[in-house]
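A quick write-up on the structure given underneath.
The values are calculated or read from the model by the stated rules, or taken from the named source; none is laboratory data. Note that the coordinates shown come from a computational prediction; the quantities given were computed from them, not determined experimentally. So basically every Cβ, Gly included, is an ideal-geometry build from the backbone, and we count neighbours across all protein chains shown.
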Amino acid sequence: MSRTRSADGASVLVERAAGLTAVLGALVMASTVVFTVTGTVGIHNVLLGALVAVIASLHAYRTGEMRSPSIVLAAILALLGIWIAIAPIVAFGVDRQLVLGICGVAGALIVILSLAGVYGSFQTSKSATASA
């Protein structure tokens, strides 16, 4: 009985972390309009924010409906979060503090939530193999 609750708790962790990651992706996408991020970094934020929102939504749906969290999707989201955080400096040479702050904070939060999703996925798979 406790193994089932542990697996359900880990599954809920993955689902909520993926949902919050999707919201952060939407915020990165909307930050271009709200904070008037211009140029190629603005297009970058729209495209990557939409990509993160879609992948995280798929991850949350898959975890919630199929009860099979994907470590691969969480790892892809973590890599996208790292790229969102470092891209304004590395790829675009942006020096505007607001853009650096938005991308840095959003990228770091996406990485943290994605790593929480990876942890929850490991816990779910560990509980499933222990109960089998």
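Could you list all residues from region 37-46 that are touching a residue at least 40 places away in the same chain (Cβ under 8 Å), part of a helix (DSSP H, G or I) and surrounded by 15 or more Cβ atoms within 10 Å (Cβ to Cβ)? Steps first, answer last, please.
Within region 37-46, the first condition is being touching a residue at least 40 places away in the same chain (Cβ under 8 Å), and the residues that meet it are 37, 39-41, 44-45.
From what is left, the residues that are part of a helix (DSSP H, G or I) are 39-41, 44-45.
Correct list: 41, 44, 45.
Kindly indicate which of 76, 102 is at pLDDT 90 or above, more than 27 Å from residue 124 (Cβ to Cβ) and in a helix (DSSP H, G or I).
Step by step, each of 76, 102 is checked, and only 102 is at pLDDT 90 or above, more than 27 Å from residue 124 (Cβ to Cβ) and in a helix (DSSP H, G or I).
Is there any pair linking a residue in region 59-77 that is in contact (Cβ under 8 Å) with a residue 40 or more places away in the chain and under 17 Å from residue 23 (Cβ atoms) to one that is of a type outside the set (Val, Ile, Thr) and not in a helix (DSSP H, G or I), with Cβ under 7 Å and at least six apart or on different chains, and which?
59/70; 63/69
Taking the options 77, 51, 98, 58, name whichever one is crowded, with 19+ Cβ neighbours inside 10 Å and either over 14 Å from the mean Cα position of the chain (by Cα) or not aromatic (Phe, Trp, Tyr) (or both).
Going through 77, 51, 98, 58 in turn, the sole match is 77.
In region 5-36, which residues are buried (at least 23 other Cβ atoms within 10 Å of the Cβ), touching a Ser or Thr at 6+ places or on another chain (Cβ under 7 Å) and not small (Gly, Ala, Ser)?
Within region 5-36, 14, 21 meet the criteria.
Can you tell me which residue within region 110-132, out of those that are hydrophobic (A, V, I, L, M, F, W, C) and surrounded by 18 or more Cβ atoms within 10 Å (Cβ to Cβ), is modelled with the lowest pLDDT?
Narrowing region 110-132 to residues hydrophobic (A, V, I, L, M, F, W, C): 110-113, 115-116, 118, 122, 128, 130, 132.
Filter again for surrounded by 18 or more Cβ atoms within 10 Å (Cβ to Cβ), leaving 110-111, 113, 116, 118.
Working: 110: 97, 111: 97, 113: 95, 116: 91, 118: 87.
If we take residues in region 110-132 being hydrophobic (A, V, I, L, M, F, W, C) and surrounded by 18 or more Cβ atoms within 10 Å (Cβ to Cβ), then 118 is modelled with the lowest pLDDT.
Please verify whether region 90-98 includes one or more residues that are in a helix (DSSP H, G or I), touching a residue at least 60 places away in the same chain (Cβ under 8 Å) and either among the β-branched types (Val, Ile, Thr) or within 17 Å of residue 118 (Cα to Cα) (or both).
Kept after step one, since they are in a helix (DSSP H, G or I), are these residues of region 90-98: 90, 97-98.
Retained after the next criterion (residues that are touching a residue at least 60 places away in the same chain (Cβ under 8 Å)): 98.
Now drop any that are not either among the β-branched types (Val, Ile, Thr) or within 17 Å of residue 118 (Cα to Cα) (or both), which leaves none.
No: zero hits.
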